[in-house]
Amino acid sequence: MDSYSITYTPVIAATFLGIGFISLTLLIANLLAPRVRTRGKESIYECGMPTIGQGWSQMNLRYYLYAILFLIFEIESVFLFPWTVVYKGLGPFAFWEMMLFMSMLLFGLVYAWRKGVLTWE
């Protein structure tokens with residue numbers, strides 16, 4: 001075995017042991033849990049007060065567009081922060097590479113804006 005394998009063997013072993021322990025615990029809990037279905041367990045809980053109307057409501061699906069745009073720009077900040085920390089040692093190529101990355105994100109934002117994704121009707 002090379003030194004790379006020897007170094008990461010405890011990490012891999014701990015990962016598999018953790019996954020195995022969690023899986024075994026969930027399996028045992030599922031096998032031993034009582035399966036009693038009562039009306040109280042299947043009802044909607046609203047702080048002890050009787051429900052008014054239907055308990056299940058539908059969320060407007062247009063929220064997913066805002067969530068996707070938020071995730072895109074959140075991921076941009078994840079890439080941008082480490083880049084700014086080591087910027088001085090990278091040189092001009094890294095600068096133009098990051099400008100290309102940010103311009104692609106800006107292009108996506110302008111595209112979404114022009115398509116009317118950011119306007120709520």
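Out of the residues in the stretch 90-121 that are outside any helix (DSSP H, G or I), under 20 Å from L61 (Cβ atoms) and not polar (S, T, N, Q), state the one that is modelled with the lowest pLDDT.
Once the filter is applied, the top-ranked residue is E121.
Please go through the stretch 54-89 and give me each residue that is among the aromatic types (F, W, Y) and modelled with pLDDT of 80 or more, ordered by number.
Selection gives Y64, Y66, F70, F73, F79, F81, W83.
Within the group L69, L80, which residue is in contact with a helix residue (DSSP H, G or I) (Cβ under 8 Å, 6 or more places away or on another chain), of a type outside the set (F, W, Y), surrounded by 11 or more Cβ atoms within 10 Å (Cβ to Cβ) and free of Cβ contacts under 8 Å to residues at least 24 places away in the same chain?
L80
Looking only at the stretch 81-121, count how many residues are over 21 Å from Y64 (Cβ atoms) and basic (K, R).
Here the count works out to 1.
The values are calculated or read from the model by the stated rules, or taken from the named source; none is laboratory data. Being a predicted model, the structure only gives us computed values, none of them experimental. Quick reminder, even Gly has a Cβ in these numbers, built from the backbone with ideal geometry, and neighbours come from all protein chains shown.
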